[in-house]
Amino acid sequence: IWLSLFLTVMVLTAKQFLVFRSNSTKVFFVIVSIIMLTGLFFFEPVKVRLLESINYKGEYTTDKVWGGRGIRFMIWASAVELIREKPIIGYGSSSSALEALERRYKEKKEGPLLHMMKGGKRFNAHNQYLEEFLKHGLFLGSFYVIALFLLLVQGIKNKDMTIIFLMFIVLSVSLTETVFELNKGIVFVSFFVPIVLRKSRGTPRIEANA
């Protein structure tokens, strides 16, 4: 999530820079943007996520650090295995998919996952695309991807940056989180998507009767 927001801020900064015509305004905007981006980078969650995503020194592995990166690779490997076993019908509900994953963690003796599960934690697919394929199979699960890409295409066709960036955030966050398994994810998408779609299509005028 933090990485998606970081990239969104960078792109919006570049776009806004091109809008301004006054050189003094551009210089001021660049200075403010540099300060904001620098502060964002030194914000610990963002810094850790960026370093973990790049992992250029190989420090973030389950052998050394039980970080989100290494843990997710374990989870995704198990999820892909389960999808291959039931590619057509899937496992049904979210709870059934979760139970199947937990059984697989135990079968594979995934130490870090099992250790944290003893403390009460539960690990779903941590990827909305894999979660949909797990629950509904490849055919029905692909409707999630299709729906998001149709919204993205509409935004590109209408040159609506609001839809484009909203879809970019949802698409990218779905790679590492199960957005629709959390109330906040459901509320976020169901609240903002109708608003930006209405804005993109324009508000219809109400004409008074003569």
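Suppose we filter Ser172, Ser190 for residues that are assigned to a helix (DSSP H, G or I), among the hydroxyl-bearing types (Ser, Thr, Tyr) and closer than 23 Å to Ser95 by Cβ; which single one remains? Reasoning before the result, please.
Numbers: Ser172 fails: closer than 23 Å to Ser95 by Cβ.
Result: Ser190 is the single residue among Ser172, Ser190 that is assigned to a helix (DSSP H, G or I), among the hydroxyl-bearing types (Ser, Thr, Tyr) and closer than 23 Å to Ser95 by Cβ.
Can you tell me how many residues in the range 154-184 are of a type in the set (Gly, Ala, Ser) and under 10 Å from the mean Cα position of the chain (by Cα)? Give the steps one after another, and end with the answer.
Here is the first cut: in the range 154-184, the ones of a type in the set (Gly, Ala, Ser) are 155, 172, 174.
Those left that are additionally under 10 Å from the mean Cα position of the chain (by Cα): 172, 174.
So the answer is 2.
Does Phe149 satisfy the criteria of being more than 21 Å from Leu182 (Cα to Cα), among the aromatic types (Phe, Trp, Tyr) and exposed (fewer than 15 other Cβ atoms within 10 Å of the Cβ)? Give the derivation first.
On the way: more than 21 Å from Leu182 (Cα to Cα): yes; among the aromatic types (Phe, Trp, Tyr): yes; exposed (fewer than 15 other Cβ atoms within 10 Å of the Cβ): yes.
In short, yes.
Of all residues being more than 21 Å from Ser93 (Cα to Cα), free of Cβ contacts under 8 Å to residues at least 24 places away in the same chain and part of a loop (DSSP other than H, G, I, E, B) in the range 104-132, which is farthest from the chain's Cα centre (by Cα)? Just the residue, please.
Lys109
Mind telling me which of the residues Gln128, Gln154 ends up being farther than 20 Å from Leu182 by Cα and surrounded by 15 or more Cβ atoms within 10 Å (Cβ to Cβ)? Talk me through it step by step, then tell me what you get.
Numbers: Gln128 fails: farther than 20 Å from Leu182 by Cα.
Step by step, each of Gln128, Gln154 is checked, and only Gln154 is farther than 20 Å from Leu182 by Cα and surrounded by 15 or more Cβ atoms within 10 Å (Cβ to Cβ).
Which of the residues that make up the range 60-89 are among the basic types (Lys, Arg) and modelled with pLDDT of 70 or more? Show your work before the answer.
Narrowing the range 60-89 to residues among the basic types (Lys, Arg): 64, 69, 72, 84, 86.
Of everything in the range 60-89, those that are among the basic types (Lys, Arg) and modelled with pLDDT of 70 or more turn out to be Arg69, Arg72, Arg84, Lys86.
Can you name the residue in the range 72-109 that is of a type in the set (A, V, I, L, M) and closer than 19 Å to Phe143 by Cβ and, of all such residues, is surrounded by the fewest Cβ atoms within 10 Å (Cβ to Cβ)?
Taking the range 72-109 and keeping what is of a type in the set (A, V, I, L, M), we get 74-75, 77, 79-80, 82-83, 88-89, 97-98, 100-101.
With closer than 19 Å to Phe143 by Cβ added as a condition, the list becomes 79, 83, 88-89, 97.
Working: Ala79: 25, Ile83: 19, Ile88: 9, Ile89: 12, Ala97: 27.
For the range 72-109, the residue satisfying everything is Ile88.
The values are calculated or read from the model by the stated rules, or taken from the named source; none is laboratory data. Note that the structure is a prediction, hence the values are computed from the model and not measured. We place every Cβ from the backbone using ideal geometry, glycine too, and count neighbours over all the protein chains shown.
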